[in-house]
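Since the structure comes first, as structure tokens, the remarks are kept for the end.
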Amino acid sequence: MDEAYPAATCALHHDNPFQLLISTILSAQCTDERVNQVTATLFPKYPSPEAFAYANPSELEKEIRPTGFFRNKAKSVMGASKLIVEGFGGKVPQTMEELLTLPGVARKTANVVLGTAFGVASGVVVDTHVQRLSGRLDLSRQKDPKKIEQDLMQVIPQDRWILFSHQLIWHGRRVCQARKPRCAECTLESLCYSKDKII
Ligand code: SF4
């Protein structure tokens, strides 16, 4: 993985931890490219947690509509921003426990923010790619993301958690794709005995 993806990192555009948090909330069930298109105009218009916290909800819904599930996402974005302003002095908290108190934030989002914005390895990001690849590479036999994360935390050294999740996500996007994995080009092919392998 290091040979294939030495510089794997988060594809969501952001200038600070708060923007990464908002982008990650918007990225649920949506591509990073689409989120980046939306945030390119969203972030200049809402430059602070206050701006999001006290936004006009229907206007915000319209603006984030292309990312899907826009009503729930608008609620999460505004709710999380409000708590950051009113409960955390305007700063994104840096612990898993605190992040999980923010509306719309579960472990996946918290791990993205902690790992990428703060360099804190509190867990492993388990998105759809990590979920699929953990099964194919026999790193976990669980289906539930929380249980998969626990398995990965057992087998991957903690100082690799942040990079490893990015590498797995990149591998899932570029090579080990859901429907047609490109096994002939895969650097992990000799280690993989997944039933999904096409070779
Ligand atoms: S060999 Fe195929 S199924 Fe296995 S990890 Fe590589 S791309 Fe995925």
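Below are the figures for this structure:
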{"read-out": "Label-point separation in nm, Ser58 to Met1, each point 7 Å along Cα→Cβ", "value": "4.7 nm"}
{"read-out": "Protein-only accessible surface order, largest first, of His166, His171, His13 at 1.4 Å", "value": "His13, His166, His171"}
{"read-out": "Which listed pairs, of Lys75/Lys143; Lys75/Lys147; Lys108/Lys146; Lys143/Lys195, have C-alpha distances above 18 Å, in listed order", "value": "Lys75/Lys143; Lys75/Lys147"}
{"read-out": "Whole-angstrom gap from the range 52-71 to the range 98-169, using each part's C-alpha centre", "value": "27 Å"}
{"read-out": "Ala51/Asn72 FRET efficiency (R0 25 Å; Cβ-Cβ; nearest 0.05)", "value": "0.80"}
{"read-out": "Counted charge near Ala40, where neighbours are those whose Cβ lies closer than 13 Å (Asp, Glu -1; Lys, Arg +1)", "value": "-2"}
{"read-out": "Glu189-Arg174 pseudo-label distance in nm [points 7 Å out on the Cα-to-Cβ vector]", "value": "1.6 nm"}
{"read-out": "Full-extension gain in nm, Glu98 to Gln37, via 0.36 nm per residue minus C-alpha separation", "value": "19.1 nm"}
{"read-out": "Stretch gain in nm, segment Lys143-Cys30, where the contour uses 0.36 nm per residue and the Cα spacing is subtracted", "value": "38.6 nm"}
{"read-out": "Kirkwood hydrodynamic radius of the chain, Cα pairs, Å", "value": "17.6 Å"}
{"read-out": "Estimated vicinal HN-Hα couplings, Hz - the range 167-174 in sequence order (Karplus 6.51, -1.76, 1.60; Gly, Pro = x)", "value": "5, 5, 5, 4, 5, x, 6, 8"}
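The values are calculated or read from the model by the stated rules, or taken from the named source; none is laboratory data. All values reported here derive from a predicted model rather than from experimental measurement. Heads up, the Cβs are rebuilt from the backbone with ideal geometry, glycines too, and the neighbour counts pull from every protein chain shown. Heads up: the accessible areas ignore ligands, DNA and RNA and are worked out on the full protein's heavy atoms, side chains in. Shrake-Rupley method; radii C 1.70, N 1.55, O 1.52, S 1.80 Å.
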